[in-house]
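The values are calculated or read from the model by the stated rules, or taken from the named source; none is laboratory data. Since the structure is predicted, the reported quantities are computational estimates derived from the model, not experimental observations. Here the Cβ positions follow ideal geometry from the backbone for every residue, glycine too, while neighbour counts run over all protein chains shown.
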Amino acid sequence: MKTLLRNCIYQGKNLIREFGFSFWCLIYPVILATFFYLAFNGMMDIELEDINIGIEKGNRIESILEEIKILNIHKVSQAEVQEKLNNGEIHGFIDSDLNLMVKESGINQTIIKEVIEQIKQMERLNKPIENYDFEADHILDRNQEANLMVIIFYSLVAMVSTYGIFGGITVVSVIQANLSHIGVRLNVTPLKKHEFLIAGVIVGLALNLFANGILFIFIKYVLKLELLNEFKYSSIFIILGNLFGTALGMFIGASNRKSENAKITMAVVIVLFFSLLSGMMGPNIKVVLDKNIPILGRINPISIISNNLYRLNLLGSTRTVREGTLILSLYSILFIFLSYLFLRRRDYDSI
Amino acid sequence: MTVYKYFIKMALRNKWLILSNTLLFFFFAIINTSGHIQEEMSFIETKLNIGIIDNSNSPLSNSLKDYLESKNNIIDVSPEEEIIREQIFLQIVDAVVVIPEEFEEKVVSKEKVIEVYRDDRKAESIQIEHQIEKFLLFANATHEEGKFDLNAVKSALSEKVNVNMIRDGSRGIDKGTNEWFRYYFNFTAYVTIACYISVIGLVMADFNEYNIENRRKISSKRFLRFNKELYLGQLSLAGIITFIFILGSIIIKGKYIREINFNIYLVNTIVFSFSILCLTFLINNITRNKFVTNCLSVVLSLGTSFISGVMVPQQFLGDKVLTLAKFFPTYYFVRINDMQTSSLLGVKNDIFMQLLFGLAFLLVGLYLSKTAQEV
């Protein structure tokens, strides 16, 4: 226990002093979160805007249009129509014969069209006005906010939670005599490799969890975004993400003889690719993939974490928690087992 | 030309970096811009993506379904509420309409009967509400002797209004094509910055290495000639990278080039490339550390892209963000692409701003280079 603690302290100091770790695990996520916030904040707070309609003075449907809450009526002369449409002051202009003039197609223009059509359609239905009950409301409202952009933040959190991958690579590289000087020393001393390895995993996990904590504090208190409303399952997924990242890092570190830099590049590419598929660079990619290859979202570790995070925190749904934790745990066990197979009984003829 | 030759040779050692950035760019360009080309000759009604779950299967519910199907795109949805909510959240559907079993009775008694899952903050929610309420208003208006006259309702709903679209000269027929090119060239800003700073930066870090520099100092190669060849190497490499991106647009959508003002995109991209090359020159004179160069490449490419309107159109960005973006050439590059003007004169100010930035980067870089030599 004492040796483990000592190993943890030394490896922890080592990792903290490394500028690469500080940048990729601590600074880079904060920078990315800031950029995401600057770019997407305006798109996350949607407000229902009024539709501006231009009509000529004395238009017979003026009083009907005024009754509709979402419509803003502007009195426009024929000479001004083109100018007002071009500069976006009005979305459409209705003439006295109930023809519509617009500059472009869109949802607002379609709504105006449907409103005018209703007036014409009522004339065609030819029923007395008392047959129509305009006060009747047949809709049971089930509001659900749409917020595709927030997926980017959850993907970022998911990606960062797997950054234990760097610690995993470092610790495995350090104990291999053909890859590091410390590895050479370690192999000729009676020190136990597995203690060093366990300490490395603990340090990697702890420091990355600490880095995740910094990111969450930054997102919550600086960017003022509430990403984590549900704590229990969310933290399980973040811890599992860390465990998966560290296990994958150990596997990458142990499975080949490339330099540590090459392994880190490999790790960055793998994590970035998984994050890209989970929607970090644009949520539309996730939507397209979910539609066409739904299995991908269920096996991609970053997608498992980000999907569960938004389901838990924004939709209050726990339906995929069990499946997600099971798959992530299986991945972690598999990679740790494979790393063990690669590392056990490794001898060197000459070091 | 030994220096030039070795510069190119060392740059090609980083071919995987160029290739991965280029592939990533084309992957995004194709995914994000697919389906953007759509000629707008006349007014096109906006169709919503909706799901309908009909538990009633009555004549009235079938008639409502037919009407909604004629006005919208129908998406298959699960009856599970959690999945419905997730589909709304992810904007896979704009609304989900759930029709209950005792539909007709409740419509006649004017009760709240149809469950509509939607986002109240969006105009789409108004549209679907209007369509449903209009249909039921008409159905109730025809309800006599316990029956709805659904044929009369259907006939009335087929009545349309005329919609005329005005043209303002610059936009209209080629709007969709312009949109594709705008998106594509805006995205080149990100990849140009990432490629230039990382690839040229890494090669220059090798040339600026302490031992190499000392060897160069005692060699017979004149400093001016050495630098000339280095700059020529940088220019060649930058030219090749930019050429690949321009060529990409021609290969993917070459047949539409005549419909847009391709010259503006071309000039804008070349001027922007020059400005970023100067920025790379400045960075190379600030740091020799490869790790710092890599970090700057990631931060500057992503950062300026996010705040200048590459990832998200400038109209959605806040005023403060745009004010900050004005301190980088990317802002002016994106602004020109977004303007979609027909003449180069219309964008001369933004071109000038990019050149000015390039010149400023170059001058500061030269000053730092001179200072470093004196030390």
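Before moving on, here are some points about what is shown:
Residue-wise test of (1) surrounded by 15 or more Cβ atoms within 10 Å (Cβ to Cβ); (2) closer than 17 Å to A:Leu314 by Cβ.
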position: B:Ile74; (1), (2): yes, no
position: B:Ser78; (1), (2): no, no
position: B:Val93; (1), (2): yes, yes
position: B:Pro100; (1), (2): yes, no
position: B:Val116; (1), (2): yes, no
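- Residue within region B:326-339 that is out of contact with any His (no Cβ under 8 Å at 6 or more places or on another chain), modelled with pLDDT under 90 and surrounded by fewer than 21 Cβ atoms within 10 Å (Cβ to Cβ) present: yes
- A:Ala136 fulfils the conditions (1) crowded, with 19+ Cβ neighbours inside 10 Å; (2) of a type in the set (Gly, Ala, Ser); (3) not assigned by the TED database to the domain that holds A:Ile16 except for a single criterion, (1).
- The set of residues in region A:133-166 that are more than 12 Å from chain B (Cβ to nearest Cβ) and among the aromatic types (Phe, Trp, Tyr) comprises A:Phe153, A:Tyr163, A:Phe166.
- Verdict on A:Lys120 being surrounded by 19 or more Cβ atoms within 10 Å (Cβ to Cβ) and basic (Lys, Arg): no
- Scanning region B:260-307 for residues that are touching an Asp or Glu at 6+ places or on another chain (Cβ under 9 Å) and within 14 Å of chain A (Cβ to nearest Cβ) yields a single hit, B:Lys290.
- Hey, A:Ile55 at pLDDT 85 or above, more than 30 Å from A:Pro283 (Cα to Cα) and of a type outside the set (Phe, Trp, Tyr) or not: yes
- Identity of the residue in region A:79-129, among the aliphatic types (A, V, I, L, M) and in a strand (DSSP E or B), that ends up farthest from the other protein chains (Cβ to nearest Cβ): A:Ile94
- Of the listed requirements (1) within 20 Å of A:Glu130 (Cα to Cα); (2) more than 7 Å from chain A (Cβ to nearest Cβ), B:Ile128 misses just one: (1).
- Criterion: in contact (Cβ under 8 Å) with a residue 40 or more places away in the chain, more than 14 Å from B:Cys195 (Cβ to Cβ) and touching a helix residue (DSSP H, G or I) at 6+ places or on another chain (Cβ under 7 Å) - qualifying residue of B:Phe306, B:Phe272, B:Phe281: B:Phe281
- Listed here are the helices (runs of 4 or more DSSP H) enclosed by region A:278-331 that have at least 1 residues being away from chain B (no Cβ under 12 Å), buried (at least 19 other Cβ atoms within 10 Å of the Cβ) and in contact (Cβ under 8 Å) with a residue 12 or more places away in the chain: A:301-310.
- The listed residues are A:Ile252, A:Ile264, A:Ile217, and the only one of them that is buried (at least 22 other Cβ atoms within 10 Å of the Cβ) and part of a helix (DSSP H, G or I) turns out to be A:Ile252.
- Residues of region B:85-107 that are in a helix (DSSP H, G or I) and either within 7 Å of chain A (Cβ to nearest Cβ) or at pLDDT below 90 (or both): B:Arg85, B:Glu86, B:Ile88, B:Phe89, B:Val107.
- Flag if B:Tyr67 is buried (at least 16 other Cβ atoms within 10 Å of the Cβ) and touching a residue at least 60 places away in the same chain (Cβ under 8 Å): yes
- Tally of residues being modelled with pLDDT of 95 or more and assigned to a loop (DSSP other than H, G, I, E, B) across region B:56-71: 0
- Of all the listed residues (A:Ile112, A:Ile90), the sole one being in contact with a His (Cβ under 6 Å, 6 or more places away or on another chain) and either under 30 Å from B:His143 (Cβ atoms) or β-branched (Val, Ile, Thr) (or both) is A:Ile90.
- Test result for B:Asn268, in contact with a Leu (Cβ under 7 Å, 6 or more places away or on another chain), part of a helix (DSSP H, G or I) and under 24 Å from B:Pro329 (Cα atoms): no
- Some residue of region A:207-223 being at pLDDT 85 or above and among the charged types (D, E, K, R): yes
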